[in-house]
Amino acid sequence: MKKLSILFTLVVSFTLPVRAADFSEQLAKLNSVGPEGKGNTEAAAAWNEITAGPAATILPILTAMDGASPLAMNWMRSAAEAILEKEKKSGNDLPTAELQAFLLNRENDPQARFLAYDFLAGSNTNETAALVPGMIDDPSPPLRRVAVAGLIAQGRSELATPETAAATLQTALDAARDVDQIDEIAKLLREDLEKSVDLPTQFGFLMRWHLIGPFDNTDREGFDRVYPPEEKVDLAAAHEGKDGKEVRWETYATSDDYGMVDFNTPFSPLKQVTGYAYTEFQSAGEQQVELRLGCKNAWKIWLNGEFLFGRDEYHRGIRIDQYILPVTLKPGRNTLLVKACQNEQEQDWTVQWEFQLRVCDDTGAAVLSTDRQPTPEPEEKARRRTAE
């Protein structure tokens with residue numbers, strides 16, 4: 001009710017082509033659209049009425065985006081953009097102060113805040129640019145990305161002063177959450193400044209595991225089938241795997257920058273199979289963290305023997321922080337078990353049988369096990385060091 005009253009106050013304070021109550025009703029119609037065209041006819045009529053309004057109507061539209069569905073968000077975004085374009089052509093000014101206040105309020109919807117930033121950046125470049133450094137720890141991913149991009153550019157300009165550039169780029173790395181920016185920063189630090197960069201530790205990826213497999217996943221039945229590791233993890237035990245072959249736990253360490261655990265490495269590329277990965281995490285105390293997993297195979301995950309979540313889907317792509325699971329770690333030893341199923345598809349883009357998992361706080365900053373070991377070195381580098 002509080003947000004509705006705020007919205008009402010915003011609406012009645014402007015000169016609108018419709019009464020405040022009517023304006024709220026039109027926004028409600030945009031917010032009511034659903035899948036398969038539900039509510040589209042009503043929303044289209046409401047959109048036409050809303051976009052006839054002045055620039056001042058942009059702010060209540062952004063406010064109404066809080067909690068809206070993705071479909072409704074698209075309608076509202078396009079309405080705000082249409083009003084902006086119309087008002088620009090008419091030579092009218094944006095409500096800059098109000099939009100800046102909306103942008104700076106981190107309680108507002110992240111997408112709506114970024115839209116406010118985008119509007120401001122297009123019309124008031126200098127003033128908006130001055131706000132960017134304060135977004136380096138912003139909870140809105142696109143706003144944080146803008147701030148990180150600014151630091152990357154600054155770091156590049158400081159390369160002639162290596163220590164200054166390194167400090168700037170490390171600040172950027174601490175804030176970065178997108179792989180393309182992380183890769184760019186790491187390359188600058190490693191190649192241009194010859195600095196060591198430990199991305200797995202920086203982001204809390206779990207690198208050392210025990211793997212067992214393959215178990216059967218013919219006809220994709222392995223996802224629901226309960227294999228022995230789900231009942232009890234005994235690292236010394238042998239189990240009957242696919243085609244009746246004996247399988248045992250194997251130690252595994254990844255040196256991948258993003259902690260990719262590749263079942264194809266110990267077991268070779270296989271199809272219609274299921275594998276398990278087990279590791280332990282020592283927590284300094286009871287704490288709220290997030291398990292952030294990326295996986296393009298069907299997967300399940302358990303914490304301390306309790307099932308958390310799973311996705312019975314295959315080859316939808318993989319990305320860092322693809323799935324976010326808020327959990328509570330207990331003091332001391334915590335166990336993690338991941339199940340990953342590979343299906344029957346034979347195309348090249350279906351070969352991967354892998355996942356990545358990291359532990360972090362709700363801002364994406366790493367939470368490390370108290371007994372974390374050094375990040376494994378790539379095999380090529382380790383071989384060179386042995387030869388030397």
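Read the figures in this text as sums done on the coordinates, not as results from a lab. None of the values given here were measured: they were computed from a predicted structure. All Cβ positions, glycine included, derive from the backbone under ideal geometry; neighbour counts span all protein chains shown.
Distance distribution P(r), region 101-245, all Cα-Cα pairs, bin width 5 angstrom from 0: 2, 8, 14, 13, 11, 9, 8, 8, 8, 8, 7, 4, 1, 0 percent.
Estimated from helical segments only, the mean residue ellipticity of the chain at 222 nm is -11500 deg cm²/dmol, where each DSSP H run of four or more residues counts as -39500 (n - 2.57).
Highest mean first, what order results for 64-77, 301-314 on Cβ atoms within 10 Å?
64-77, 301-314
The dipole here belongs to region 105-256: it is taken about the Cα centre, uses +1 on the Cβ of Lys and Arg and -1 on the Cβ of Asp and Glu, and is about 240 debye.
Please grab the % of Cα pairs in the chain that end up more than 38 Å from each other. Summing the P(r) of the chain above 38 Å gives 38 percent of all pairs.
With distances taken between every two different alpha-carbon atoms, region 204-360 has a Kirkwood hydrodynamic radius of 15.7 Å.
Among Leu143, Leu131, Leu62, which one shows the biggest mean-square fluctuation in a GNM of the chain, springs joining Cα atoms closer than 10 Å? Highest fluctuation among the options: Leu131. Around the Cα centre of the chain, unit charges on the Cβ atoms of Lys, Arg, Asp and Glu (plus for the first two, minus for the last two) sum to a dipole of about 440 debye. Helix 2-12 axis versus longest C-alpha principal axis of the chain: approximately 30°, rounded to the nearest ten.
What ranking do 81-88, 343-350 get when scored by the average of other Cβ atoms within 10 Å per residue, highest first?
Working: 81-88: 16.8, 343-350: 11.8.
Output ranking for 81-88, 343-350: 81-88, 343-350.
In order along region 344-357, the Karplus-derived 3J(HN,Hα) couplings, from 6.51 cos²θ - 1.76 cosθ + 1.60 at θ = phi - 60°, round to 8, 5, 10, 4, 4, 6, 10, 5, 4, 9, 7, 7, 9, 9 Hz, and Gly and Pro are given as x.
Length gained on full extension, Ala45 to Glu346, computed as 0.36 nm times the residue gap minus the Cα-Cα distance: 103.6 nm. Taking the Cα atoms only, what angle lies between the long axis of helix 110-123 and the longest principal axis of the chain, rounded to 10 degrees? Helix 110-123 and the main axis of the chain meet at about 50 degrees. Rounded to the nearest Å, what's the spacing between the alpha carbon centres of region 310-363 and region 27-56? Just the number, please. The two parts, judged by their Cα centres, are 38 Å apart. For region 257-325, the Kirkwood hydrodynamic radius from C-alpha pairs, put into Stokes-Einstein at 20 °C and a viscosity of 1.002 mPa s, yields a diffusion coefficient of 154 µm² per second. Between the Cα long axis of helix 20-30 and the first principal axis of the chain there is an angle of about 30°, rounded to the nearest 10.
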